Amino acid sequence: MFNNIYKGKTVLITGHAGFKGSWLSFWLKELGAKVVGYSLLPDTEKRLFDVLDLAHRLDDSMIADIRDEKKLNAYFAKHNPDIVFHLAAQPIVRLSYTAPVLTYDTNVMGTLKVLEAARQTPSVKAFVNVTTDKCYENVEKKEGYREDEPFGGYDMYSSSKGCSEILSSSYRRSFLADGKPFALATARAGNVIGGGDWAKDRLIPDCIKAFQKNETVFIRNPLATRPWQLVLEPLAGYLRLGQKLLEDGQKYASGYNFGPEMNKDVKVCEVAKQVADVWGNGKVEVGSGDGLHEATLLQLNIEKAEKDLGIKPVYTAGEAIIKTTQWYKAYYENTTDIVEFTKEQVADFISAAQNKNLNWSK
């Protein structure tokens, strides 16, 4: 897979202790990479990082803040990574309303500090900055946003990620001419779901928490649609993008959207009901929100990733919801080794990609 590019490579992941970072770390170890991570621990009741025992499975793990330049620079110098996947962030939209300074300090200045640490490390040849689909100026249009459309964001989280995109573009033109010393790309993914997410104000984690206690889950924005995708979908995109940056960085040093097929979005209320059905005894109640702004419609155009990287969706939204709910059932019912179950989900995803003849999976 991925032209075997990661085997033996040193991969540094910021935010490796988070939800997506844990899945990415886990998959990279399966690919034979030397994986080192730098991250704060998520402020959640449970962590996938702990469930998968990644503190011991990875080659090194440092719990620290990306805003701490001294520690960050020392960590880069210690490990001399070949490639960096930057996922560390304040990722919660609703928290950005109460902690705007923290959001900007982490998502903008923190990103700049990681870029500077990479620039001071001669071994780094590629850098993938993971932002979000919410980086675009969302005017609720039905057409999916393309990579060259304006950045913006109604809330402070979304605008901070728009700033991270602008920062990456300026940094590339200011310091990384012709991809030297490293090639920098950005990755914008839609709403990601999957087992092991216990973050606050996330739809499926909120459903699972309620159902596990035999409580009713309250849906605050039931008619909103999102580009739902299993966590492994964008991770395959990130890994494919990283591969291409390492092989021919200058050609691929730009922004890429990763998401489901156009017009395949599912309403929030429908997702909750599907989770309830798979869980078996879940109850859902819809409401009218709490006054904080949330986008109603958001779609990405993924033609560029399909054309340049050969990345196409593997699962439908319905399949992603089933896989996600099954992971939580396996975890809470304790009927199987959750690490092995996680490996099986990765293997199933790869097999499904191979059945669709996707180049990265061969």
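Below are the figures for this structure:
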item: Value of Rg/Rh across the stretch 1-135 [Cα atoms, Kirkwood radius]; result: 0.95
item: The stretch 1-80 - Rg over Rh from alpha carbon coordinates, Kirkwood radius; result: 0.97
item: Three-way shape call for the stretch 130-264 based on the alpha-carbon gyration tensor, with the a/c threshold at 1.5; result: prolate
item: Partners for residue 46 among aspartates and glutamates (Cα-Cα distance below 14 Å; same-chain residues under 8 apart left out); result: 197, 206
item: Extension gain, residue 301 back to residue 352 (0.36 nm per residue minus Cα-Cα distance, nm); result: 16.1 nm
item: Helix 338-355 vs. the chain, principal-axis angle (Cα, 0 to 90°, nearest 10); result: 80
item: Antiparallel DSSP beta bridges within the chain, percent to nearest 5; result: 10
item: The chain: angle of helix 69-79 to the longest principal axis, Cα-based, in degrees nearest 10; result: 80
item: Amide H contacts under 5 Å for residue 62, placed H, 5+ residues apart; result: 37, 38, 39
item: Extended-chain gain in nm, criterion 0.36 nm per residue less alpha-carbon gap, residue 50 and residue 116; result: 20.8 nm
item: When each of 267/323; 78/304; 20/125 is checked by Cα-Cα distance, pairs over 25 Å; result: 78/304
item: Links that overshoot a 21 Å alpha carbon limit, given the list 161/251; 141/283; 70/113; 213/329; 9/362; result: 161/251; 141/283
item: Per-selection Kirkwood Rh - the chain (Cα, Å, 1 d.p.); result: 20.4
item: Gain on full stretching of the segment that runs from residue 59 to residue 213 - 0.36 nm per residue minus C-alpha separation; result: 51.8 nm
item: Helix 268-279 axis, angle to the chain major axis (alpha carbon atoms, nearest 10°); result: 80
item: Cα Rg over Rh - the stretch 145-217, Kirkwood; result: 1.18
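Every number here is computed from the coordinates shown, using simple stated rules; none is lab data. From a predicted model like this one, the values you see are computed outputs, not experimental measurements.
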